[in-house]
Amino acid sequence: VQLQASGGGLVQAGGSLRLSCTASGRTLGYTKAWFRQAPGKEREFVGSISSTGGTTDYADSVKGRFTISRDNAKNAVYLQMNNLKPEDTAVYYCAVQRIGPVRYGYWGQGTQVTVSS
């Protein structure tokens, strides 16, 4: 499985971005997730979505602002980010196949999100 993340960029505080992650290979039955890593910090969980899309989970820091969704027909997962804050600046990674809370079998290459104040 290979994952390709896109959609990052530079946005002003209060703005929005939508990240996309498309997969090659079978990912239909896997939980998908987004993580992020800011400079000098450890990678942290952002959100996840179950294989059917029926269950989502979010980090407290993004609840109410970010929405994760998936399109199994397109083998893709998305992260809609609204009301962005400077502290959301990070490299965002998509991941597939949950093994543990922060352990996933496959990772994308990351896309940079920069939020200016």
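The values are calculated or read from the model by the stated rules, or taken from the named source; none is laboratory data. Being a predicted model, the structure only gives us computed values, none of them experimental. Cβ placement follows ideal geometry from the backbone for every residue including glycine, while neighbour counts extend to all protein chains displayed. Just so you know, the surface numbers come from the protein's heavy atoms only, side chains and all, with ligands and any DNA or RNA stripped out. Shrake-Rupley method; radii C 1.70, N 1.55, O 1.52, S 1.80 Å.
Short-range pairs are left out: with C-alpha atoms under 8 Å and at least six residues apart, the relative contact order of the chain is 36 percent. A simple count of charges around Val11, restricted to other residues whose Cβ falls under 12 Å of its Cβ and scoring Lys, Arg +1 and Asp, Glu -1, yields +1. Under 5 Å between amide hydrogens, built in the peptide plane, is the criterion, and for Ala76 it picks out Asp71 among residues at least 5 positions away or on other chains. Ignoring lysines fewer than eight residues from Lys74 along the same chain, the ones with Cα atoms less than 22 angstrom from its Cα are Lys32.
The order of Val1, Val77 by accessible area, most exposed first and with a 1.4 Å probe, is Val1, Val77. The trypsin sites (Lys or Arg not before Pro) of the range 23-114 that DSSP puts in a loop, and whose beta carbon has at most 12 other beta carbons within 10 Å, are Arg26, Lys41, Lys63, Lys74. With contacts taken as Cα pairs under 8 Å and at least 6 residues apart, the range 1-64 reaches a relative contact order of 22 percent.
Pull up all non-local amide H partners of Gly15: gap of 5 or more, or a different chain, and H-to-H distance under 5 Å with H placed in the peptide plane. Close amide H contacts, sequence-distant or interchain: Leu84. Evaluated over the Cα positions of the chain, the convex hull gives a direction-averaged projected area, one quarter of its surface, of 6.5 nm². Within the same chain, aspartates and glutamates fewer than 8 places from Lys41 are excluded, and of the rest, those with a Cα less than 14 Å from its Cα are Glu87, Asp88.
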